[in-house]
1. Kindly indicate the residue of region 227-258 that is among the β-branched types (Val, Ile, Thr) and modelled with pLDDT under 90 and also surrounded by the fewest Cβ atoms within 10 Å (Cβ to Cβ) among those meeting that condition.
2. Can you pull out every residue in region 91-107 that is over 8 Å from the mean Cα position of the chain (by Cα) and at pLDDT 70 or above?
3. Go through (1) more than 30 Å from residue 316 (Cβ to Cβ); (2) surrounded by 14 or more Cβ atoms within 10 Å (Cβ to Cβ) one by one and return the number of the condition residue 223 breaks.
4. Out of 159, 190, 178, 145, which single residue is at pLDDT below 90, crowded, with 16+ Cβ neighbours inside 10 Å and of a type in the set (A, V, I, L, M, F, W, C)?
5. Any chance region 196-209 includes a residue that's closer than 18 Å to residue 228 by Cα, out of contact with any helix residue (DSSP H, G or I) (no Cβ under 8 Å at 6 or more places or on another chain) and surrounded by 13 or more Cβ atoms within 10 Å (Cβ to Cβ)?
6. When region 120-133 is examined, which residues are found to be of a type outside the set (D, E, K, R), at pLDDT 75 or above and either open to solvent by 10 Å² or more (accessible area, probe 1.4 Å) or part of a loop (DSSP other than H, G, I, E, B) (or both)?
Amino acid sequence: MDFITLTIKVLKVLSDIAGSYGLGIILLTVIVRMAMWPLSVSQQRSMKQMQALQPRMKAIQERYKNDPPTMQRKMMEFYKEHYFNPMSGCFPLLIQMPIFILLYSSLMSPQFIQMAGNAPFLFINSLDETLRTNAGISKDGVMGVSTSARFMAGKNALVYLKQEPARNVKIEKPSDAVQIQGSLVPGQPVELKINLDDLKDLKFSELDRVEKAEVEVTNAMTKETELITFTKNGYLLTATYPTIPVQSKFHFDILGLILIFGLTMVFTQKTMMAMNKGQEVDPSQQAMQKSMNLFMPIMLCGTFVLIPIPAGVLLYLISSNIVQICQTVIINKQLEIEFAHEKDKVSDEEVENAKRIEEKE
């Protein structure tokens, strides 16, 4: 079983529990963020340590500014002395990237499209919908295409063998199984082919007895699905299917999701910046940080406008930002109490040491 199939099965289980695929994605987000709670605590503790140690770090950098090798060595000794890992803040992001890629691949896969691609949620018309799509009507006897269309097969094919009942056979690598023969001209019939080797469950002796196969073929661009009959032609299954040109459609519900993502990212960064209150910050660094906080949401939203991101992935990112805001506030309060206790403990030890010195004198 590949990771995409496993991810879709997990989403199916979570959607059955939550009541819809949209709520299933949100539930997945909460589970991921809760699993990352210890790393989030470590990340914020590291940030607070850096804030507390910043004056001493600047002193080392200033003292050895003309001797970079010594400065680097002293900084490493300083980190080791205070059990400080400057890279710990990157771990949560590195862990989330594979989940993001898996979710993106899963929601764009033919398995999800056939199972729940048209599932709506709140104001979202379809969870696999991107900002711009080419509209198509499924199973109407004609495939809507553009010149850049790419086709994917379903997971199974209904195969007819000589002197045997039809059998459901698994297709190996459905996303790559259906190939276009020749050029694709919208409005003219398209010729498609599937290699017999892609019929996973058939023996070599059975391949010779294959007569035809019915396969659900999905246009990856339009998400339109048609049931196409392929006939055996040598060592290939081939079919000719009528096509019509399709027009691009703009989805304002996805634009709304992109804008909501940008807003949640701004609030996430503001929440993280609030942790620096009361700390001495260099004015130039503070101005640069504010610029980055404004630039990053704009840049990412612009990227999502240009690159097709499914609505379900945007829903995951928005939910992740909201949960992260709540996590940051809760963890920050816990760390403030923890650091206050440590500070009081250090102060008490200093008072005790001072008393002992006075008594000795």
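1. Of the residues in region 227-258, the ones among the β-branched types (Val, Ile, Thr) are 228-229, 231, 238, 240, 243-244, 246, 254, 258.
Applying the additional criterion that residues be modelled with pLDDT under 90 yields 244, 246, 254, 258.
Details: 244: 14, 246: 21, 254: 24, 258: 20.
Per the criteria, the residue is 244.
2. Just the residues of region 91-107 that are over 8 Å from the mean Cα position of the chain (by Cα), to begin with: 91-95, 105-107.
The answer is 105, 106, 107.
3. Condition (1) is where residue 223 drops out.
4. Numbers: 159 fails: at pLDDT below 90; 190 fails: at pLDDT below 90; 178 fails: at pLDDT below 90.
Only one candidate passes the filter, namely 145.
5. Let us first name the residues in region 196-209 that are closer than 18 Å to residue 228 by Cα, namely 196, 198-199.
Imposing the further condition that a residue be out of contact with any helix residue (DSSP H, G or I) (no Cβ under 8 Å at 6 or more places or on another chain) reduces the set to none.
Scanning region 196-209 turns up no residue that is closer than 18 Å to residue 228 by Cα, out of contact with any helix residue (DSSP H, G or I) (no Cβ under 8 Å at 6 or more places or on another chain) and surrounded by 13 or more Cβ atoms within 10 Å (Cβ to Cβ).
6. Restricting attention to region 120-133, the residues satisfying the condition of being of a type outside the set (D, E, K, R) are 120-127, 130-131, 133.
Those still in the list that are at pLDDT 75 or above too: 120-127, 130-131.
Matches in region 120-133: 120, 121, 122, 123, 125, 126, 127, 130, 131.
The values are calculated or read from the model by the stated rules, or taken from the named source; none is laboratory data. No experiment lies behind these values; they were computed from the predicted model shown. Counting neighbours? That spans all protein chains shown, and the Cβs are built from the backbone with ideal geometry, glycine included. Side chains included, ligands, DNA and RNA excluded: accessible areas come from the protein's heavy atoms. Shrake-Rupley method; radii C 1.70, N 1.55, O 1.52, S 1.80 Å.
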